[in-house]
Amino acid sequence: MCGLCYIPGFGNECASEDPRCPGALPEGQNNPQVCPYNLYAEQLSGSAFTCPRSTNKRSWLYRILPSVCHKPFESIDQGHVTHNWDEVDPDPNQLRWKPFEIPKASQKKVDFVSGLHTLCGAGDIRSNNGLAIHIFLCNTSMGNRCFYNSDGDFLIVPQKGKLLIYTEFGKMLVQPNEICVIQRGMRFSIDVFEETRGYILEVYGVHFELPDLGPIGANGLANPRDFLIPVAWYEDRQVPGGYTVINKYQGKLFAAKQNVSPFNVVAWHGNYTPYKYNLENFMVINSVAFDHADPSIFTVLTAKSVRPGVAVADFVIFPPRWGVADKTFRPPYYHRNCMSEFMGLIKGHYEAKQGEFLPGGGSLHSSMTPHGPDADCFEKASKAKLAPERIADGTMAFMFESSLSMAVTKWGLKSSSCLDENYYKCWEPLKSHFTPDSRKPAGPN
Ligand SMILES: [Fe+2]
């Protein structure tokens, strides 16, 4: 597909020019009196000017018209987007959702923005601290509409249907089993090709980073070179009927009209860009002796809080891998966690649940809410012969894990009609195997 080239690397200082305009980047300075090709220079700041170099993020965009050329923003229908965490009373139960239903294009045309549904979240947008988890359910391309988020970054996980994403930095094709991050303020428009569904982790006021590797060393988990940044691409397109720019600002949606496509950036340079990543490239590190490493070993990206080691949100995956641990109950352990764990499934099935946790659905195990393998899984894994075996082939489950205690929205609990009221029953058949007179384990070991 034309224009779909990428620059590899994570967080690097990059420079890109649309090949139709060689030399579009000014030499030796950012803001010449007159830019090459008579473009406008515009800086997009993703961090405070004064952040230390390690966290300072900004890009310079050289564009046909500056972003400021638009009519005033006006409030529009909020649809199912919310940041009201008090819509319904808190619910500490284990929650599981059946696959969220995608509207049929034949019944109602819904694009990425009108198909955004906030499922849960916590924190405060105005103080730049918190997160939201959204589900997108759409069937139509955005056409002459783009979106930007003043509140935070979107980590987008397509589950069904590919996304062709036009951004101010160029185009990205993002397919299921890939993810992308579109950072705060970046304008984008999404083309879809079928009934399309996915998950979004939004973090307020912080950016995603690669996790530190500690004793793992210099390589492993998500390697920086596997992240891909789009290359500059522009269209000089007049839209006499009006192009609509939609903005999420302080949790509410606003729209403004302008006469041109916003994808009019001929060249850019900087370290504040959108990017994508193929989850197949994740280098899994895991136990090769006995017991489990904690699931943090599967962290792809983290959005750190100001407390050392504590994330606003982590993006964690459970990729195909070998299970080789000896004398070990291999599925995930029973667990209560101060962190909140939202799980989704891109494809296949999840190893700890045999039943109704399906692609396009989800589960939420909130702060200190117990969870773990269902009864079936426990019985089988307790008796299984521990030969090396492939785990999770053909599947990809993931987790959005947060240190914040999340509220579920009214849509999540009620109007989506996807909540599985019977989830708790998967643990009901668990029975005591306690043998007070014998210490000898009952299993095959
Ligand atoms: Fe857990």
Among the residues in the range 387-400, are any in contact with a helix residue (DSSP H, G or I) (Cβ under 8 Å, 6 or more places away or on another chain), under 29 Å from Thr302 (Cα atoms) and more than 15 Å from the ligand (Cβ to nearest atom)? yes
Out of all the residues in the range 86-106, which are among the aromatic types (Phe, Trp, Tyr) and surrounded by fewer than 16 Cβ atoms within 10 Å (Cβ to Cβ)? none
For the range 335-380, name all the residues that are more than 16 Å from the ligand (Cβ to nearest atom) and either surrounded by 17 or more Cβ atoms within 10 Å (Cβ to Cβ) or within 30 Å of Leu137 (Cβ to Cβ) (or both). Ile346, Lys347, Gly348, His349, Gln354, Gly355, Glu356, Leu358, Pro359, Gly360, Gly361
Can you confirm whether Gly79 is at positive phi and in the same structural domain as Tyr272 (by TED's automatic domain parsing)? yes
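For Ala384, indicate whether it is out of contact with any strand residue (DSSP E or B) (no Cβ under 6 Å at 6 or more places or on another chain), modelled with pLDDT under 95, surrounded by 12 or more Cβ atoms within 10 Å (Cβ to Cβ) and of a type outside the set (D, E, K, R).
yes
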Only listed residue being crowded, with 23+ Cβ neighbours inside 10 Å and under 30 Å from Ala15 (Cβ atoms), chosen from Glu178, Glu168, Glu209: Glu168
Give me the residue from the range 1-54 that is exposed (fewer than 14 other Cβ atoms within 10 Å of the Cβ) and in contact with a Pro (Cβ under 7 Å, 6 or more places away or on another chain) and, out of that set, nearest to Glu168 (Cα to Cα). Gly23
Looking at the range 266-293, which of its residues are among the aliphatic types (A, V, I, L, M) and either over 22 Å from Gly217 (Cβ atoms) or touching a Phe, Trp or Tyr at 6+ places or on another chain (Cβ under 9 Å) (or both)? Val266, Ala267, Leu279, Val284, Ile285, Val288
So which residues in the range 316-334 are within 12 Å of the ligand (Cβ to nearest atom) and at pLDDT below 95? Pro331, Pro332, Tyr333
Filtering the range 146-165 for residues that are out of contact with any Cys (no Cβ under 8 Å at 6 or more places or on another chain) and either more than 23 Å from Leu44 (Cα to Cα) or outside any strand (DSSP E or B) (or both) leaves a count of 8
Can you tell me which of Ala313, Ala293 is in a loop (DSSP other than H, G, I, E, B) and within 16 Å of the ligand (Cβ to nearest atom)? Ala293
Selection status of Val245, within 19 Å of the chain's Cα centre (by Cα) and on the phi < 0 side of the Ramachandran plot: no
Over the range 321-354, the set of residues under 12 Å from Pro370 (Cα atoms) and part of a loop (DSSP other than H, G, I, E, B) is Tyr333, Tyr334, Arg336, Asn337, Cys338, Met339
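The values are calculated or read from the model by the stated rules, or taken from the named source; none is laboratory data. Remember, predicted model here, so these are calculated numbers, not experimental data. Virtual Cβ from ideal backbone geometry, glycine too; neighbours counted across all protein chains shown.
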